[in-house]
Amino acid sequence: MKAIIGLVKPTRGRVMFDSNDLNQLNDRQLSHLRLRFGFVFQNAALFDSMTVGQNVAFPLRQHGRYNNAQIREMVFSRLSEVGLPDSVVSKKPAELSGGMRKRVGLARALIMNPELIMYDEPTTGLDPIMSDVINELIIRTRRRNPVTSIVVTHDMNTAERVADRIIMLLPQNRVETDENQIIFDGTAEELETCRDRRVQQFYHGEAGERLMELRSNQTAG
């Protein structure tokens, strides 16, 4: 994700956005381009000292040209869009459940009308019901807004529920020399029938071979 938004340079290849090669842009150009991105962080990354309303309004006050009345209207609109009542606007993040904080994070990501939203493990730490709520919000956000979504997740339910295209990567420390890190690229339906055993082990949560590797490493150590 850091490479996608230009915080680190890729070791090979290019990152292109709207015909721009991010490696060729200077810091000012990158900062301007990032205004077209929205970010939903793993733990929401809300400012503890700010209210919900202040958190959601933060990008507008930093980069927008809106008066207080306009900002207030936009904040309430985005909170409503993610299923939160007006009453949360004056609460602090510590007063909210994990699922509500995730939704506030999504409202903040939407406030600048981004063209691309990146979600970092959006359902981590949530129970199955709240995870499905977040998945549904991701889908609704894509339907209501002309936005592309990139979701980084280990949750196969989320991947199958929200993705049109799934890319599965091996951890870098498990990639052999000259081996492609991408072990799957396709639809959820194709994922189910993929014959690569590594893909199927992850898809079904099978720990057998990994446990054997851990035991071998312990024995070798």
Matching option when the condition is under 30 Å from residue 169 (Cβ atoms), touching a residue at least 60 places away in the same chain (Cβ under 8 Å) and among the β-branched types (Val, Ile, Thr), among 104, 15, 8 = 104
Of residues in segment 44-58 being surrounded by 14 or more Cβ atoms within 10 Å (Cβ to Cβ) and within 20 Å of residue 122 (Cβ to Cβ), the one nearest to the chain's Cα centre (by Cα) = 44
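Condition first: charged (D, E, K, R), surrounded by 13 or more Cβ atoms within 10 Å (Cβ to Cβ) and over 30 Å from residue 35 (Cβ atoms). Now tell me which residues in segment 147-189 satisfy that.
Step one: of segment 147-189, the residues charged (D, E, K, R) are 155, 160-161, 164-165, 174, 176, 178-179, 185, 189.
Restricting the remaining residues to those that are surrounded by 13 or more Cβ atoms within 10 Å (Cβ to Cβ) gives 155, 160-161, 185.
Across segment 147-189, the qualifying residue is only 160.
Would you mind stating whether residue 103 is within 19 Å of the chain's Cα centre (by Cα) and modelled with pLDDT of 90 or more? Lay out the reasoning, then the answer.
Values: within 19 Å of the chain's Cα centre (by Cα): yes; modelled with pLDDT of 90 or more: yes.
Answer is yes for this residue.
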If you check residue 31 against the conditions, is it among the polar types (S, T, N, Q) and modelled with pLDDT of 95 or more?
-> no
Residue satisfying condition, being surrounded by 16 or more Cβ atoms within 10 Å (Cβ to Cβ), farther than 17 Å from residue 149 by Cα and of a type outside the set (A, V, I, L, M, F, W, C), within set 83, 125, 99 = 99
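State whether one or more residues within segment 22-29 are without any contact (Cβ under 8 Å) to a residue 12 or more places away in the chain, part of a loop (DSSP other than H, G, I, E, B) and more than 26 Å from residue 123 (Cβ to Cβ).
yes
Residue by residue through segment 40-80, note down the ones that are of a type in the set (S, T, N, Q) and not in a helix (DSSP H, G or I).
Here is the first cut: in segment 40-80, the residues of a type in the set (S, T, N, Q) are 42-43, 49, 51, 54-55, 62, 67-68, 70, 77, 80.
Within segment 40-80, 42, 43, 49, 51, 67 meet the criteria.
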The residue from 65, 61, 78 that alone is surrounded by 13 or more Cβ atoms within 10 Å (Cβ to Cβ) and either polar (S, T, N, Q) or out of contact with any Lys or Arg (no Cβ under 6 Å at 6 or more places or on another chain) (or both) is 78
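The values are calculated or read from the model by the stated rules, or taken from the named source; none is laboratory data. As the structure is a computational prediction, the values presented were derived from the model and not from experiment. Cβ atoms come from the backbone with ideal geometry, glycine included; neighbour counts cover every protein chain shown.
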